[in-house]
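Trainee: Take this structure, written in structure tokens, and hold onto it; I'll ask about it next.
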There are 2 protein chains.
Amino acid sequence: MNKTRTSIVDIAHAAGVSKSTVSLVLQGSPLVNEKTREKVNALIGDLGYVYNRGAANLRQSRSKIIGIVVNDLTNSFFAELAVGMDMMVQSAGYVQFLAHSGESVDRQREVISSMRENGIAGLILSPARGTEASDIKPLADSGIPVVLVVRNVPGAKVSTLLSDNYAGAKAAIRHLISLGHRRIAFMGGFADTAVFGERLRGYRDALAEANIPINEKFVIHSAPSRAGGVAAVERMMDFAERPTSALCLNDAVAFGVCDGLRSNNIEPGKGFGIVGFDDVIEAKTAVPALTTVSVDPQGMGQRAAQLVLKQINAGQTDPESIVTSVRLVVRQSCGAPVKQLEELA
Amino acid sequence: MNKTRTSIVDIAHAAGVSKSTVSLVLQGSPLVNEKTREKVNALIGDLGYVYNRGAANLRQSRSKIIGIVVNDLTNSFFAELAVGMDMMVQSAGYVQFLAHSGESVDRQREVISSMRENGIAGLILSPARGTEASDIKPLADSGIPVVLVVRNVPGAKVSTLLSDNYAGAKAAIRHLISLGHRRIAFMGGFADTAVFGERLRGYRDALAEANIPINEKFVIHSAPSRAGGVAAVERMMDFAERPTSALCLNDAVAFGVCDGLRSNNIEPGKGFGIVGFDDVIEAKTAVPALTTVSVDPQGMGQRAAQLVLKQINAGQTDPESIVTSVRLVVRQSCGAPVKQLEELA
DNA sequence: CTGTTAGCGCTTTCAT
DNA sequence: ATGAAAGCGCTAACAG
């Protein structure tokens with residue numbers, strides 16, 4: 001209703017004190033007389049005063065706003081990630097600008113610069129595909145902490161949270177072993193990406209750890225796609241001694257493996273154990289029964305938020321630190337998870 | 001790096017002009033000499049100046065920030081909603097505080113008040129269950145436009161966007177009719193909620209419109225749940241003349257109907273046409289093949305954003321207006337949509 | 001076309 | 001324990 005919001009001087013005037021005193025009350029300073037404090041607080045309620053954080057920010061030249069840019073909020077993985085961040089940010093008394101880049105680097109650039117103008121104290125970025133170091137350089141250089149999540153940006157000297165592919169693969173294989181499997185394949189992908197290498201290494205080490213000799217034929221290379229999954233199964237069908245289960249490079253491959261098995265009259269989950277890395281590529285399509293390995297997105301979000309907050313409070317970003325190793329969990333999606341080996345058809 | 005960001009006076013000084021002139025350049029005023037403008041713009045680039053929108057907001061006592069609070073970002077419906085809002089908000093040159101209340105009214109209250117202190121120009125709220133008019137009253141009273149989406153808050157005198165249940169049901173029935181169906185059931189729910197009434201009315205009117213006599217037995221009441229869907233099918237199996245398709249009260253019922261059909265050896269989508277209202281209750285579980293009627297969440301988000309923006313620009317909220325009727329679309333989820341009647345088994 | 005001046009609402013020495 | 005005064009970075013009259 002009011003043309004101008006009631007301000008600190010309004011209530012100072014009404015209380016017959018100076019605005020400095022009111023400011024002290026607002027900050028909960030112990031220096032102020034109990035009576036004055038009460039009077040002031042009463043007036044604050046009566047006049048419907050609301051603190052103007054923008055003015056305070058200007059004066060102190062710092063803010064309690066953190067920026068979050070997510071490449072695809074539509075993908076439930078990233079939505080969960082955002083929720084995790086939200087939790088930490090709020091409980092630290094901050095607010096967040098949260099924007100969706102839709103995998104557009106242009107959009108992302110605009111949004112980041114807009115957030116910068118609005119005075120964010122830190123930024124968490126789940127980068128759009130194709131993001132370059134130069135996209136975040138100005139921000140980082142100006143002393144605003146930046147934390148990258150989920151995806152790496154080559155050349156960017158900022159803290160980054162990535163999932164631990166090695167540990168994830170290891171966990172998956174241990175899971176299969178614990179269910180009685182010994183002939184376990186690794187399906188999908190080619191040795192041309194870091195991700196493939198890390199996951200395969202986890203596969204090898206977990207098998208070695210269990211004294212299971214590695215059958216090199218069981219590492220079945222194929223396109224890291226649904227079609228690739230089908231192809232891998234076709235390859236496998238020719239083996240004299242077939243695997244009883246597989247770790248798939250990602251969920252797309254896992255879906256393809258399901259397809260391939262079905263067309264060979266094997267029921268996935270029942271006739272063959274599958275664990276897929278959950279990269280949530282196809283999260284929007286129907287999810288078949290599957291056991292997946294994935295990072296806990298909310299947990300990752302929380303950690304990311306904690307990290308920016310820490311850097312903000314530290315007053316300076318230590319741009320060299322590259323953080324990794326997010327805990328991975330084995331979880332079941334709906335339907336048929338991998339069964340004990342004995343129960344398989 | 002710099003202790004203090006370079007400001008308008010720094011570049012004014014460097015350019016040998018006054019800060020007012022720089023300000024004018026920043027605002028793209030035509031009053032300023034071409035040469036000066038160029039010089040200033042050059043300096044802006046060189047000195048790495050970034051506009052301090054907070055200061056401007058303070059001076060003008062208005063902001064280009066809008067607040068969005070969503071009850072559950074984890075639910076893909078609301079995530080899409082948020083994305084739709086994001087689109088409009090950004091392209092209008094605004095930024096958004098976006099927070100997740102997790103269905104907690106307390107959390108929601110905190111978040112709203114925090115946003116208020118941070119000077120939002122408007123608020124879009126997808127209210128947590130149990131939200132009361134008093135939760136938004138102070139904001140609205142202070143002249144900040146508030147728009148409610150998806151859920152109503154009784155007693156709140158603010159603009160509200162709800163889905164049009166009547167039109168949705170009508171669209172669904174027309175769709176089934178266009179596929180050749182004439183014996184169409186309405187499954188799930190009891191006549192105790194407004195939603196049920198509206199959807200049933202749409203069902204009736206669409207049938208009437210096509211001169212299809214209504215068979216009251218085809219309105220099969222049951223719990224509005226998955227179990228209720230199963231029950232409805234069981235009931236239907238006893239009919240001498242069975243329906244060939246159904247509109248289900250919501251997706252939960254629709255899933256149950258699928259279950260029920262399968263246990264009677266009827267393949268849903270192939271042997272029986274199903275359209276469900278997509279309330280996205282089970283969006284996080286596997287989605288069976290289904291044709292659904294739902295509001296387009298992104299579209300709804302966009303409309304909500306347009307509405308707040310309009311009210312912000314109008315300079316005053318017209319608190320009486322209650323907007324409804326969001327367009328509903330018939331869409332197919334993955335798998336088997338409803339077939340032409342002739343193709344049914 | 002450009003400079004001067006006066007704040008926006010708050011915090012923060014520095015006095016008192 | 002409280003007040004006076006200066007100033008954060010910007011805009012908006014109003015002069016010139």
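The values are calculated or read from the model by the stated rules, or taken from the named source; none is laboratory data. Only a predicted model underlies this, so the values are computations on that prediction, with no experimental measurement involved. Cβ: placed from backbone, ideal geometry, glycine included. Neighbour counts: every protein chain shown. SASA here: full protein model, heavy atoms, side chains in, ligands and nucleic acids out. Shrake-Rupley method; radii C 1.70, N 1.55, O 1.52, S 1.80 Å.
Trainee: Can you tell me how many residues within the stretch A:17-31 are surrounded by 11 or more Cβ atoms within 10 Å (Cβ to Cβ) and either assigned by TED's automatic domain parsing to the domain that holds A:ASN118 or more than 11 Å from DNA strand C (Cβ to nearest atom) (or both)?
Mentor: Going through the stretch A:17-31 one residue at a time, the tally reaches 1.
Trainee: On to the next question. Could you tell me whether the stretch A:50-59 includes any residue that is among the basic types (Lys, Arg) and within 9 Å of DNA strand C (Cβ to nearest atom)? I'd like the intermediate steps shown before the answer.
Mentor: Residues of the stretch A:50-59 that are among the basic types (Lys, Arg), as a first pass: A:53, A:59.
Applying the additional criterion that residues be within 9 Å of DNA strand C (Cβ to nearest atom) yields A:53, A:59.
Looking for residues that are among the basic types (Lys, Arg) and within 9 Å of DNA strand C (Cβ to nearest atom), one finds at least one in the stretch A:50-59, hence yes.
Trainee: Checking the structure you have, find out if any residue of the stretch A:68-82 is in a loop (DSSP other than H, G, I, E, B), more than 10 Å from chain B (Cβ to nearest Cβ) and open to solvent by 20 Å² or more (accessible area, probe 1.4 Å).
Mentor: No - not one qualifying residue is present in the stretch A:68-82.
Trainee: Any chance you could count how many residues in the stretch B:5-60 are more than 9 Å from DNA strand D (Cβ to nearest atom) and either closer than 23 Å to A:ILE120 by Cβ or in contact with a strand residue (DSSP E or B) (Cβ under 7 Å, 6 or more places away or on another chain) (or both)?
Mentor: 4
Trainee: Please work out which one of (1) in a strand (DSSP E or B); (2) more than 8 Å from chain A (Cβ to nearest Cβ) is the condition B:LEU98 fails and give its number.
Mentor: Only one criterion in (1) in a strand (DSSP E or B); (2) more than 8 Å from chain A (Cβ to nearest Cβ) is unmet by B:LEU98, namely (2).
Trainee: Now a separate question. List the pairs whose first member sits in the stretch A:13-36 and is aliphatic (A, V, I, L, M), whose second member is more than 8 Å from DNA strand C (Cβ to nearest atom) and open to solvent by 60 Å² or more (accessible area, probe 1.4 Å), and whose Cβ atoms are under 6 Å apart, counting only residues at least 6 apart or on separate chains?
Mentor: A:ALA15/A:LYS39
Trainee: Can I ask one more? Can you pull out every residue in the stretch B:101-121 that is hydrophobic (A, V, I, L, M, F, W, C), assigned to a helix (DSSP H, G or I) and more than 8 Å from every other protein chain (Cβ to nearest Cβ)?
Mentor: If the condition is that a residue be hydrophobic (A, V, I, L, M, F, W, C), assigned to a helix (DSSP H, G or I) and more than 8 Å from every other protein chain (Cβ to nearest Cβ), then B:VAL105, B:ILE112 are the ones that fit.
Trainee: Output yes when any residue across the stretch B:41-48 is farther than 23 Å from B:ALA305 by Cβ, aliphatic (A, V, I, L, M) and away from chain A (no Cβ under 14 Å), and no when none is.
Mentor: Yes: the stretch B:41-48 contains one or more residues that are farther than 23 Å from B:ALA305 by Cβ, aliphatic (A, V, I, L, M) and away from chain A (no Cβ under 14 Å).
Trainee: Considering only residues that are crowded, with 22+ Cβ neighbours inside 10 Å and either at positive phi or more than 9 Å from every other protein chain (Cβ to nearest Cβ) (or both), which ones fall in the stretch B:55-66?
Mentor: B:ILE66 - this is the single residue of the stretch B:55-66 that is crowded, with 22+ Cβ neighbours inside 10 Å and either at positive phi or more than 9 Å from every other protein chain (Cβ to nearest Cβ) (or both).
Trainee: With the checklist (1) within 12 Å of chain A (Cβ to nearest Cβ); (2) surrounded by fewer than 19 Cβ atoms within 10 Å (Cβ to Cβ) in hand, flag the one item B:ALA14 doesn't pass.
Mentor: The one condition B:ALA14 does not meet is (1).
Trainee: Let me ask something else. Of all residues in the stretch A:38-54, which are buried (at least 17 other Cβ atoms within 10 Å of the Cβ) and free of Cβ contacts under 8 Å to residues at least 24 places away in the same chain?
Mentor: A:ARG53, A:GLY54 - these are the residues of the stretch A:38-54 that are buried (at least 17 other Cβ atoms within 10 Å of the Cβ) and free of Cβ contacts under 8 Å to residues at least 24 places away in the same chain.
Trainee: Scan the stretch B:129-153 for residues that are surrounded by fewer than 22 Cβ atoms within 10 Å (Cβ to Cβ) and assigned to a loop (DSSP other than H, G, I, E, B) and jot them down.
Mentor: B:ARG129, B:GLY130, B:GLU132, B:SER142, B:GLY143, B:ARG151, B:ASN152, B:VAL153
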